[in-house]
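**Q** Mind looking over this structure? Questions follow.
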Amino acid sequence: MTPRSRDTGPQRYRQLALLGLVQLLAMGLWFSASAVVPELRDAWGLGGSGAAWLTTSVQLGFATGAVLSALLTLSDTWDPRRLMAGSALLGAASTTAIALFAEGLAPALVLRFLTGVALAGVYPPGMKIVAGWFRAGRGMAIGVLIGALSVGSAMPHLLRPLGGIGAWQPVLLLASALAVVAAVLAATGLRTGPHQAPAAPFDPRVVRRIFADRATMLANGGYFGHMWELYAMWTWIPAFLAASFAADASLRTTPSLASFLAFGTIAAGGLGAAAAGVLADRLGRTVVTSWSMVISGACCLAIGPLFGGPAWAIAAVCLVWGFAIVADSAQFSACVSELAEPEYIGTALTLQTAIGFLLTVATIRLLPVWEAALGWEWAFAPLAIGPALGTWSMLALRRRPEATRIAGGRR
C-alpha cells in the first residue's frame, strides 16, 4: 500500500475511531474525583477550597508532566503508542489508590497530581498520532479527538448518578477500569501514520525555537485565551447548576438533574469539536476559532443573570456554551501542527498544552473567589477576558504570511 493510498483509505478512519475511543476512556480520570465532591464533603469534611484543589492538583500535575515531556521531547523520541498506554495505566493506578486507600484530602491531592502527570502522556501524543495519519482533513481529525476528550471528561458526571448518589468510590473505580481498557487498546491497536516523522534526536534548543516563532505563538495565544475559560467552566458549572436549582424552591429537582446537565454541558463539546473541525478545514481555522470564542465569551456573560431562573433557559445556555467552548480547541492544535517543525510537532503540541493548563490553575482557583465577591450572577463574567484576547490573537495570525500554511491555505 502506498503512502498516498494509506492517506486516503479507510485505515486512517479506523485509527481515528480507535484513538478517539482511547481518549474517551482514559480522560474519565480527569474529573473522577471532582464529580463526587458532594459525597467527599460528607466523607472528608471537604470545604470549598479543598474541592477546588481536587481539580487544580490535576491541572498542576498535567502541566508538570507536559513541561517535562516538552523539555525532554518525549513525544518525539519515544513511541507515542507505548507512552499513551503506560501513562493511562499510571493514571488508573493513582485513581484506584484514592478509592481504596485515601482517607483524607492530603493523600488524595498527591495522587491527583500524579494522575495529571500521567494524563500528560495520553493527550498530546494522541494529537501527534492524528497528525501522522491526516494531512488533509487534519482539523476534522483533531476535532474528533478533542470531542472524545470532552465526552470522556464528562463521563464521571454520568457515572455518579448511574452508580448511585452518595457513593463516591465506585465512580473512581469505574473511571480507573475504563482507563485500563484504554491502555490495552493503545498498546495493541494503535498504529503510526504515513505522515509521522521518524523519531527525532533530543534537541534542547527546540523549545527556544518554538517561542521565537511568531506565527506559532499567535496560535498558542488563541489557545491560551481558550484555556483561561474552559476548565474553570468545566470545574464549576456543576456547582453553579446545583446552587441555581436549589435557589428556586418552586423547582422540583433532584441532585441527579444537576449531574446529568453537567454531563450534557461538557459532553456537548464533543459535537462542537467535531463540527468545527469539518468547518475549519473548509472555511479556515482562524475564522472558526474566532466565532467560537465570541459565542463562548457571550455565554460567560449570559449564564450568570439566569441564576435561580427557569431550568430550561439555563439548560439552553449551558448546552450552547458547552458546544462552543470546545469547538475551537482542536483548531489551535491543528494550527501548531501545521506551523511547527515537522520533526518536533509532538514537542510543540506538548508545550502548548503545558502553558495552557498552567493558566487553568489560576481561573479554577479564582472563580470561587469571584463567586464569594460577586455571587453566581457574575462569577463567570471574568472568564470572557480569555476569549476576547484569544480572538485578537487568531485574527492577528490570519494577517500573517505564514497563515497560508494553515488548512491548505484557507487560514
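The values are calculated or read from the model by the stated rules, or taken from the named source; none is laboratory data. Computed from a predicted structure; not experimentally measured. Using ideal geometry, Cβ is built from the backbone for each residue, glycine included, and neighbour counts are taken over all protein chains shown.
**Q** Within the set of pairs 6+ apart or on separate chains, which have a first residue in region 131-148 that is buried (at least 24 other Cβ atoms within 10 Å of the Cβ), a second that is of a type in the set (Ser, Thr, Tyr), and C-beta atoms under 7 Å apart?
**A** Within 7 Å, the pairs are ALA131/SER337; ARG138/SER337; ILE142/SER333; ILE146/SER329.
**Q** Pull out all pairs, ordered by first then second residue, where Cβ-Cβ is under 6 Å, the residues are six or more apart or on different chains, the first lies in region 60-80 and is closer than 11 Å to PRO125 by Cβ, and the second is outside any helix (DSSP H, G or I) and at pLDDT below 75.
**A** ASP76/ALA200
**Q** Determine which member of the set VAL130, VAL110 is farther than 20 Å from ALA182 by Cα and either among the hydrophobic types (A, V, I, L, M, F, W, C) or modelled with pLDDT under 85 (or both).
**A** Criteria check complete, one pass: VAL110.
**Q** Go through (1) surrounded by 15 or more Cβ atoms within 10 Å (Cβ to Cβ); (2) touching a Ser or Thr at 6+ places or on another chain (Cβ under 7 Å); (3) at pLDDT below 85 for ALA199 and report which single condition fails.
**A** It fails just one condition, (1).
**Q** Regarding region 40-50, can at least one residue be identified that is of a type in the set (A, V, I, L, M) and either surrounded by 17 or more Cβ atoms within 10 Å (Cβ to Cβ) or modelled with pLDDT of 90 or more (or both)?
**A** Yes, region 40-50 contains at least one residue that is of a type in the set (A, V, I, L, M) and either surrounded by 17 or more Cβ atoms within 10 Å (Cβ to Cβ) or modelled with pLDDT of 90 or more (or both).
**Q** Residues that are crowded, with 20+ Cβ neighbours inside 10 Å, in a helix (DSSP H, G or I) and more than 19 Å from the chain's Cα centre (by Cα): does region 69-77 have at least one?
**A** Yes.
**Q** When region 203-223 is examined, which residues are found to be modelled with pLDDT of 80 or more, assigned to a helix (DSSP H, G or I) and surrounded by fewer than 20 Cβ atoms within 10 Å (Cβ to Cβ)?
**A** ARG208, ARG209, PHE211, ALA212, ARG214, MET217, GLY221
**Q** Could you check, for region 257-280, whether at least one of its residues is farther than 19 Å from SER153 by Cα and at pLDDT 90 or above?
**A** no
**Q** Take GLY264 and decide whether it is touching a Leu at 6+ places or on another chain (Cβ under 8 Å) and surrounded by fewer than 19 Cβ atoms within 10 Å (Cβ to Cβ).
**A** Yes.
**Q** Are there helices (runs of 4 or more DSSP H) fully within region 290-397 with at least 2 residues that are closer than 24 Å to PHE260 by Cα? List them.
**A** It comes to 311-327, 345-374.
**Q** Please specify each residue of region 340-355 satisfying the condition of being modelled with pLDDT of 80 or more and under 16 Å from VAL117 (Cα atoms).
**A** Once the filter is applied, which keeps residues that are modelled with pLDDT of 80 or more and under 16 Å from VAL117 (Cα atoms), region 340-355 yields LEU351, GLN352, THR353, ALA354, ILE355.
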